[in-house]
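**Student:** Here it is, the structure in full.
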Amino acid sequence: MSEQGSIVFGGRYELKKRLARGGMAEVFLAEDQLLGRPVAVKVLFPEFAADPSFVERFRREAQAAANLSHPNIVGVYDWGREESTYYIVMEYVEGRSLSQVIRKEGPLPAPRVAEIAEGIASALGFAHKGDVVHRDMKSGNVIISENGQVKVADFGIATAISGNTDANLTQTGAVMGTATYFSPEQAQGLTVDGRSDLYSLGVVMYEMLTGTPPFTGDSSISIAYKHVQEQPELISEKRPGVPEALQAITAKLMNKDPDKRYSSAADLQIDLQRFQSGRLTLEPENIEQVSEAISEISAEFDTTLINPVATPLDPKGIPESGGPPYPPQYFEPYERHDRRIWLWGILTLGLLGALIALIILLVNFVNDTTKSDPQQSVISDVQAVSDTGIIVPLVVDLDRTQAIELLQARGFVIGRITTEVREDIPSDRVLSQNPSQGIELEPGQTIDIIVSVGPDAILLPIVVGLTQEEALNALTNQGFVNVEIKKLKTNEYDVGVVAEQEPEANSRLEPSGVITLQVADGRISDEIPILIGQTLTLAQDELESKGWITTVEEIESETIEEGRVVGTDPASGTDHDLDEPVVIQVSTGPSTVEIPLVIGESPAIAAGILASSGFMVAPQEECPVDLEDPNVGLVVSQSPEAGELAEAGITITICIGVATEPTPEPTPTEPEPEPEPEPEPTPVEPEPEPEPTPTPSE
C-alpha cells in the first residue's frame with residue numbers, strides 16, 4: 001500500500017480500476033510507475049491464493065505466457081506476491097473482447113471472420129511451437145484492439161506439454177476450460193494437444209458466422225456432452241449465404257476426431273489466407289509435388305518447414321467419420337486453373353479499365369452539374385468511389401441543410417459549423433469546406449464547413465454545461481427565438497444539462513436562425529454493481545432502476561445459498577452499455593449427481609462417462625487379476641460405488657485390472673506321525689506331617 005492509501009503491487013503497479021472478474025481472479029487497470037505506462041494486473045482471489053495447487057497453476061501461467069512474445073498474444077511482463085495473494089502483470093490492450101463484438105454486432109461478415117481467425121491461428125501456432133496449449137480458447141479471451149488488431153489473452157489454464165509437465169497438476173480426467181468451447185477430448189477428460197485448441201477455434205468461428213455458439217444447454221455438463229455426442233446445426237441453415245469454403249474450414253476444425261482436423265495452426269492459416277485471396281484449396285494429387293518443391297527451396301536456405309502445405313479438405317464434401325458434413329469443395333488441376341486465371345485476368349483488366357473510365361465520366365458529370373446548379377447535387381445519387389476511399393463532393397454555394405444532407409449521404413460526419421458575416425451572400429450559404437472537394441477519405445471522416453450570415457447576426461453564447469432552463473434563458477436574452485431541444489445519451493453530463501449546441505458557441509447566427517441543443521437524458525453505460533448474496537428481486541430492482549434489462553440464469557453453487565445471486569454477466573465493476581442486457585446468475589445450491597457404473601469399461605471410456613456426469617478421475621490404481629480374467633485392462637472397481645449420490649466435481653477412484661501369474665499350488669506331502677503321548681506319572685500320596693511333641697509345663 002502507498003502512503004496515500006492507493007493500492008500498489010510490487011512497489012510499482014498502482015491499481016486504478018477493475019476491468020473484469022473471472023473464475024479465479026480479477027483484472028485491474030494499473031499504472032506502471034517505473035515505466036509510466038498502463039498495464040493490466042490479474043490478482044488471484046484470496047481463497048485460491050491459500051491453495052498451493054492454484055498458486056502453482058498461477059505461477060505456471062505467468063512462466064508459460066511470459067515466453068510467448070507475439071503480435072497476436074497479450075504479453076505478460078511480471079508476476080509476484082503481494083501480502084496474501086498473487087498477481088500477474090500483463091499488456092493492457094484498449095478494445096473490446098470478441099464476445100462483446102458478437103453480442104453488439106451479431107454475425108460478422110465472412111471476410112472479417114477469416115481475418116480474425118487467421119490472427120487467432122497465428123497466436124495459437126506460435127504457442128503450440130513452444131509446447132503450450134491454451135485449453136480455454138473462447139471468444140471472451142480474444143481482444144480486438146481499437147486499431148483492429150487481434151490479441152489472444154489469458155493462457156490461464158495453459159499447460160506445458162513438454163516433458164517438464166507436472167503430472168500432479170494436469171492429469172487425464174481433469175476437465176479444465178469453458179464448456180461452450182470444449183473439444184470432445186476435453187469434455188471426456190482425455191489428454192489434449194494443440195488440435196484441441198483448433199477445435200475451440202472452430203467453435204469461435206461458428207459463433208462469429210452465426211452469432212451463437214454451436215451448442216447450448218441448461219448446464220456445463222449438458223453442453224460438454226453435446227460436444228462429444230451431437231453434431232451442430234449446419235451454418236448454412238442458421239445463416240444462409242456464408243461462403244461454402246469458410247463453412248468447410250469451420251467444419252474441419254470441429255471434427256470430433258482430432259486426426260481429421262487440421263494437423264497444425266499453420267495449416268489452418270494457409271487455408272484462411274487462400275480463402276481471403278479468393279484461391280481454391282489445393283487438389284490432393286498436387287500436394288505431394290508442391291511439398292517436394294517447397295522442401296527443395298527450404299533446403300537451399302537451410303530452413304526446415306514444418307507442415308508447409310495446408311491439409312486438404314475432403315473433396316467429397318463428407319468427412320470419413322465425425323463432424324458435420326462439409327459443403328462441396330471445388331478442385332481444379334493446375335494446368336486448367338492457370339489457363340482460366342489467364343483468361344479471367346484479361347477479362348478483369350478490360351472490365352477494370354471500363355469501370356475507371358465510367359467513374360471519371362461520372363465524377364466530371366457531378367462536378368459540372370454542381371457548378372451549373374448547386375441544388376442538383378443534392379438530388380444526384382452518384383457517389384464517386386476510388387480504391388482508397390470516397391471522394392469529397394463540392395458543397396460550396398449550397399445552403400447549410402443541403403450541404404449536410406449531401407455529406408451525410410456520402411458517409412461523412414459533419415464537424416464544426418462556423419459562421420461568417422457576409423452582406424453580399426444570402427444567409428445560410430456554405431462559403432468554404434475542409435477538406436476540399438476531390439480529396440479521398442474513408443467513410444466516417446469529418447468535414448467542417450463555414451456558413452454565411454447576414455449583418456444582423458448575433459454572437460452565440462456558450463450554453464454547454466448549463467441546465468436546459470439556464471440555456472434557454474441565455475439564448476432568449478441574446479435575442480434568439482428558435483431553439484430546438486433534442487435528447488442525448490451521454491456519460492459526460494448529468495441529466496438535464498446541455499451536452500452539445502449547434503451552431504457552436506462564438507459563431508454568429510441571425511435571430512430567426514435555428515439553434516439545436518442536445519440535452520443529456522441519461523447515461524450510455526454504467527458500472528454494474530456488486531450483487532453477490534442479494535435476493536433476485538433486489539438485484540433486478542437495482543439493475544432495472546439504472547436502465548438495464550435483466551435476464552436470469554440458474555447455476556449451481558457450493559457457497560451461495562439457493563435463490564441468492566452468485567454473480568452477473570458481465571461481472572460487477574464492468575462498465576456496460578445500458579442498451580445491453582445483464583444476466584443475473586442465481587444459485588440453485590450444490591448439485592448431487594448419481595455416480596454412473598464404469599466397472600467393465602476401458603479407462604478412457606470410464607473417464608469420459610464420469611466426466612460427462614461432472615466427476616473428476618483420480619490417478620488410476622492397479623488391481624491384480626488372473627492372467628485369463630476377461631477384466632484385464634478394464635475397470636474392476638470404483639470408489640465411491642456406482643449409484644451413490646455425490647456432489648458434482650468430486651474425484652472418483654477407479655482400479656484397472658492388471659494380469660498377474662497365478663501362484664503355483666504346493667505339492668502335497670505325507671503328514672508326519674504324531675508322537676505317542678508320554679504316560680502320565682502315578683500320583684504319590686504325600687507323607688503325613690509328624691505331630692509336634694508337647695512341651696512339659698513348668
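**Student:** Taking the stated definitions as given, is G608 part of a loop (DSSP other than H, G, I, E, B) and either free of Cβ contacts under 8 Å to residues at least 40 places away in the same chain or buried (at least 19 other Cβ atoms within 10 Å of the Cβ) (or both)?
**Tutor:** No, not satisfied.
**Student:** For the subset of the range 476-518 comprising residues that are among the polar types (S, T, N, Q) and within 16 Å of I462 (Cα to Cα), which member is surrounded by the fewest Cβ atoms within 10 Å (Cβ to Cβ)?
**Tutor:** N477
**Student:** Out of (1) closer than 19 Å to Y77 by Cα; (2) at pLDDT 90 or above, the odd one out for R112 is which?
**Tutor:** Among (1) closer than 19 Å to Y77 by Cα; (2) at pLDDT 90 or above, the lone unmet condition for R112 is (1).
**Student:** Going through the range 98-111 one residue at a time, which ones are touching a residue at least 40 places away in the same chain (Cβ under 8 Å) and either in contact with a strand residue (DSSP E or B) (Cβ under 6 Å, 6 or more places away or on another chain) or assigned to a helix (DSSP H, G or I) (or both)?
**Tutor:** Selection gives L98, S99, V101, I102, R103, K104, A110, P111.
**Student:** Let me confirm something: among E580, E561, E544, which residue is outside the structural domain of E26 (by TED's automatic domain parsing) and not in a loop (DSSP other than H, G, I, E, B)?
**Tutor:** So the residue among E580, E561, E544 that is outside the structural domain of E26 (by TED's automatic domain parsing) and not in a loop (DSSP other than H, G, I, E, B) is E544.
**Student:** Moving to a separate point now. Could you check the range 221-235 and list, in sequence order, the residues that are part of a helix (DSSP H, G or I) and either of a type in the set (A, V, I, L, M) or touching a residue at least 60 places away in the same chain (Cβ under 8 Å) (or both)?
**Tutor:** I221, I223, A224, Y225, V228, I235
**Student:** Given the conditions (1) part of a loop (DSSP other than H, G, I, E, B); (2) surrounded by fewer than 18 Cβ atoms within 10 Å (Cβ to Cβ); (3) not assigned by TED's automatic domain parsing to the domain that holds V421, which single one is not true for G465?
**Tutor:** So G465 meets the others, but not (3).
**Student:** Could I ask something else about it? Which one of these does A153 not meet: (1) in contact with a strand residue (DSSP E or B) (Cβ under 9 Å, 6 or more places away or on another chain); (2) over 28 Å from V39 (Cβ atoms); (3) modelled with pLDDT of 85 or more?
**Tutor:** (2)
**Student:** Still on this model: Quick one: count up the residues across the range 422-436 that are surrounded by 14 or more Cβ atoms within 10 Å (Cβ to Cβ) and modelled with pLDDT under 85.
**Tutor:** 4
**Student:** Are any residues in the range 190-220 surrounded by fewer than 22 Cβ atoms within 10 Å (Cβ to Cβ) and assigned to a helix (DSSP H, G or I), and if so, which ones?
**Tutor:** Once the filter is applied, which keeps residues that are surrounded by fewer than 22 Cβ atoms within 10 Å (Cβ to Cβ) and assigned to a helix (DSSP H, G or I), the range 190-220 yields only S220.
**Student:** May I ask you to verify whether L29 is at pLDDT 85 or above, among the hydrophobic types (A, V, I, L, M, F, W, C), out of contact with any Gly (no Cβ under 6 Å at 6 or more places or on another chain) and over 27 Å from D575 (Cα atoms)?
**Tutor:** For L29, the condition - at pLDDT 85 or above, among the hydrophobic types (A, V, I, L, M, F, W, C), out of contact with any Gly (no Cβ under 6 Å at 6 or more places or on another chain) and over 27 Å from D575 (Cα atoms) - is not met.
**Student:** Next question, about the same structure. In the range 391-415, what residues are surrounded by 21 or more Cβ atoms within 10 Å (Cβ to Cβ) and either under 13 Å from L431 (Cβ atoms) or not hydrophobic (A, V, I, L, M, F, W, C) (or both)?
**Tutor:** P393, V395, L398, R400, A403
**Student:** From the list I555, I595, which one is buried (at least 19 other Cβ atoms within 10 Å of the Cβ) and under 24 Å from D218 (Cβ atoms)?
**Tutor:** I595
**Student:** Could you list all residues from the range 468-518 that are closer than 20 Å to R429 by Cβ and part of a strand (DSSP E or B)?
**Tutor:** Matches in the range 468-518: N482, E502, R508, L509, V514, I515, T516.
The values are calculated or read from the model by the stated rules, or taken from the named source; none is laboratory data. The structure displayed is predicted, hence computed values, not measured ones. Backbone-built Cβ (ideal geometry, glycine too); neighbour counts: all protein chains shown.
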